[in-house]
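Structure first, then comments.
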Amino acid sequence: MNKKIARVAIVAAVVLAIIAALFGVKKYLYSRKPLELMFDAAYYFSEEASKSGIWSYEKSYSGHQYYLYLPPQYREDNDNVEAKLPLIVVFHGSDEKGQAFKYGRIFTSQDFQEKIYPKGAAVLLMFSRVNYFTDPHGTSLLIQNVCLKNKCIDKENIIAYGFSQGAKFAAELACAQPRLLKAVVSGSGFYQMSFWEILRVLPIRFYWANSEDDKGIFEQGMPTGRRVARFCKDSRYVQYQTRHHFYVELKDKTGLRDKGGGEETFMDWLCEAVNCK
């Protein structure tokens with residue numbers, strides 16, 4: 001009897017050890033690793049700089065052009081490390097440089113700024129160097145150096161928002177530089193993640209949306225959208241039937257319930273992603 005009890009105890013101990021190991025692996029895979037910002041003069045210094053209303057324009061020596069929005073109280077106090085502003089990085093679609101501001105304006109309205117975070121949010125409006133976005137490594141360096149130049153931005157709270165090819169690139173950037181981003185928003189995106197890429201981005205939150213009648217895009221984007229929603233942290237996949245080629249809007253609904261019992265919107269999800277630890 002004593003031997004039988006001993007065998008049962010050994011088996012139980014082994015099972016518990018396996019369970020503990022599995023929980024340890026899961027915790028490791030879903031933990032965000034800290035980002036150490038990398039200085040690079042080609043991305044840090046400006047070849048051109050100017051002001052345009054609420055936006056600051058810069059062109060770096062690396063060839064990147066961007067507009068940066070900071071809440072009014074931090075435009076002259078951008079070294080305020082206590083602000084810890086979330087940063088929303090916006091990627092337009094192919095051949096859309098002339099229309100890029102329509103996406104940036106989503107995030108600069110007073111209503112959005114008051115809701116997203118107690119002190120507002122910074123918005124980085126990226127312009128592709130060719131007709132579409134390339135070079136995840138260079139783009140990561142540019143974003144990192146924007147954070148170095150504006151210490152009011154929280155480098156651990158960066159959200160990428162993209163439409164079409166910009167959405168594809170945002171997902172590609174997350175896979176290439178998983179420590180850079182806290183969340184990714186993909187509207188009509190079509191990046192196809194491999195199994196190993198999914199493992200790399202498990203700690204990143206995704207809001208992924210496609211439409212069935214967006215032929216050629218839906219077939220590529222849908223499988224990834226379903227996978228990130230299934231495996232990645234607090235992620236959503238929203239599938240429409242007849243929305244064609246679209247970008248994600250603040251009032252879009254996820255089909256889930258929010259914390260108050262109402263219908264969860266993209267804005268609800270984004271506020272949660274920005275403010276959670």
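Filtered by the rule that a residue be over 14 Å from the mean Cα position of the chain (by Cα), in a helix (DSSP H, G or I) and among the aliphatic types (A, V, I, L, M), segment 143-171 gives V146, L148. Within segment 58-71, the set of residues being of a type in the set (S, T, Y) and under 22 Å from the mean Cα position of the chain (by Cα) comprises Y66, Y67, Y69. Quick check: anything in segment 116-136 part of a helix (DSSP H, G or I), open to solvent by 30 Å² or more (accessible area, probe 1.4 Å), modelled with pLDDT of 95 or more and of a type in the set (K, R)? No; the residues of segment 116-136 include none that is part of a helix (DSSP H, G or I), open to solvent by 30 Å² or more (accessible area, probe 1.4 Å), modelled with pLDDT of 95 or more and of a type in the set (K, R).
Of the listed requirements (1) of a type in the set (F, W, Y); (2) more than 14 Å from the chain's Cα centre (by Cα); (3) crowded, with 19+ Cβ neighbours inside 10 Å, F101 misses just one: (3). Scanning segment 223-253 for residues that are aliphatic (A, V, I, L, M) and over 17 Å from C175 (Cα atoms) returns V238, V248, L250. Return the residue satisfying two criteria in turn: it lies in segment 156-172 and is hydrophobic (A, V, I, L, M, F, W, C) and in contact with a helix residue (DSSP H, G or I) (Cβ under 9 Å, 6 or more places away or on another chain), and of such residues it is surrounded by the most Cβ atoms within 10 Å (Cβ to Cβ). Filtering first and then ranking leaves A167. Does segment 68-90 contain any residue that is free of Cβ contacts under 8 Å to residues at least 24 places away in the same chain and assigned to a strand (DSSP E or B)? Checked segment 68-90: no residue is free of Cβ contacts under 8 Å to residues at least 24 places away in the same chain and assigned to a strand (DSSP E or B).
The values are calculated or read from the model by the stated rules, or taken from the named source; none is laboratory data. All figures in this text were calculated on a predicted structure; none of them were measured in a lab. Positions of Cβ are backbone-derived with ideal geometry, glycine not excepted, and every protein chain shown enters the neighbour counts. Note: areas computed on protein heavy atoms with side chains; ligands, DNA, RNA excluded. Shrake-Rupley method; radii C 1.70, N 1.55, O 1.52, S 1.80 Å.
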